[in-house]
Amino acid sequence: MDPNRLTNSNWQGPVWVPLNYFMFHALLFYGFAGEAEILSSRTINMLVHSLNKIGSFAENYDSDNGTPLYCKDFASWNILADMMPQETINKKWIMDAIF
């Protein structure tokens, strides 16, 4: 975290993949497919950077430079990022069949 920030709240703090995933779907829903695709690409690139830097995913990432922050070897909700490109291509949510 940047020590120059006034706080390290979630508003100024780490990037969490689930929030990117939810925002990705909101962008698609409201017709911002291009922006959703950019968010998808940036999220995937951040995870690739994590794999290259520490050899695994982390729980969250620095919002300024994508550096992994907490909980090395974390592979839980980060898997959501893998669905974003496919959902962009297929133009549907992976859970549409259930809901």
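Over the C-alpha atoms of the stretch 17-90, the Rg to Rh ratio, Rh being the Kirkwood estimate, stands at 0.98.
With K and R counted +1 and D and E -1, the other residues having a Cβ less than 12 Å from that of S40 yield a net charge of -3. In terms of other Cβ atoms within 10 Å, F74, F24 run from fewest to most in the order F74, F24. Over all other residues within a Cβ to Cβ distance under 10 Å of P68, the charged ones net out to 0, with Lys and Arg as +1 and Asp and Glu as -1.
Only the coordinates and a few stated rules stand behind these numbers; no lab work does. The structure presented is a predicted model; accordingly, all values stated were derived computationally and were not measured. With ideal geometry, Cβ positions are generated from the backbone for all residues, glycine too; neighbour counts draw on all protein chains shown.
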